[in-house]
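Taken together, the values in this text are just the output of simple stated rules run on the coordinates, not laboratory data. This is a predicted model, so every value here is computed, not measured. Counting neighbours? That spans all protein chains shown, and the Cβs are built from the backbone with ideal geometry, glycine included.
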Ligand code: GLN
């Protein structure tokens, strides 16, 4: 068992941030919400970018003066976990759109499953650690990763989870299932970094 004296900051501008708080509570990890730039003065060990609407979140990051500080922290090595819209915020390339934080060398296709049949649940292996439930809601998938990124999961041949050093992105929503293994994987990433 790892020790969990970690604090995770969750971007709470919009979208499914409460469900991430609940998942972290089950893992006995403390967390707080980032809603404005003064929240960034609190110390934290990792950052979660939740699902929601990436265009809205991207715009709010600028308006609330959070964009440059968060991008710089991620580039300095802050562990970050983006789910769904959070994956889109991290993607260095978005097909037919301008990137947001753009810190991760992946290409994202928004609403990749179509808008109508866009929500579904399936099971697939995550990072060789076993089969887990995966809930997709108007989800993107990843159409390309650089050689610096590792593919962690595929569904129907499409990449739905990837990691690049301190950055983890999933097209699905682990916070909406009972399975805590992706959050646990993220906590392990943070601890690897802290003990390095
Ligand atoms: N379709 C949304 C977007 O493009 C993502 C959906 C989600 O986060 N569940 O930002």
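Odds and ends about this structure:
- Residue order, fewest to most beta carbons within 10 Å, for 159, 131, 106: 131, 159, 106
- Result for the chain in a Gaussian network model with C-alpha springs under 10 Å: among 127, 157, 82, the largest mean-square fluctuation is at 157.
- Rounded Å value of the spacing that divides the Cα centres of the stretch 81-138 and the stretch 9-40: 20 Å
- Expressed in units of 2.2 N^0.38 Å, where N is the residue count, the Cα radius of gyration of the stretch 59-196 is 1.01.
- Across the chain, C-alpha contacts under 8 Å between residues 6 or more apart give a mean separation that, scaled by the residue count, equals a relative contact order of 18 percent.
- Highest mean packing comes first when the peptides 97-105, 61-69, 37-45 are listed by Cβ atoms within 10 Å, giving 97-105, 61-69, 37-45.
- Rounded FRET efficiency, nearest 0.05, which uses the C-beta distance separating residue 123 from residue 96 and R0 of 41 Å: 0.85
- Taking the stretch 167-196 and a reference point 7 angstrom along Cα→Cβ of residue 150, the backbone N atoms nearer than 16 Å belong to 167-170, 182-196.
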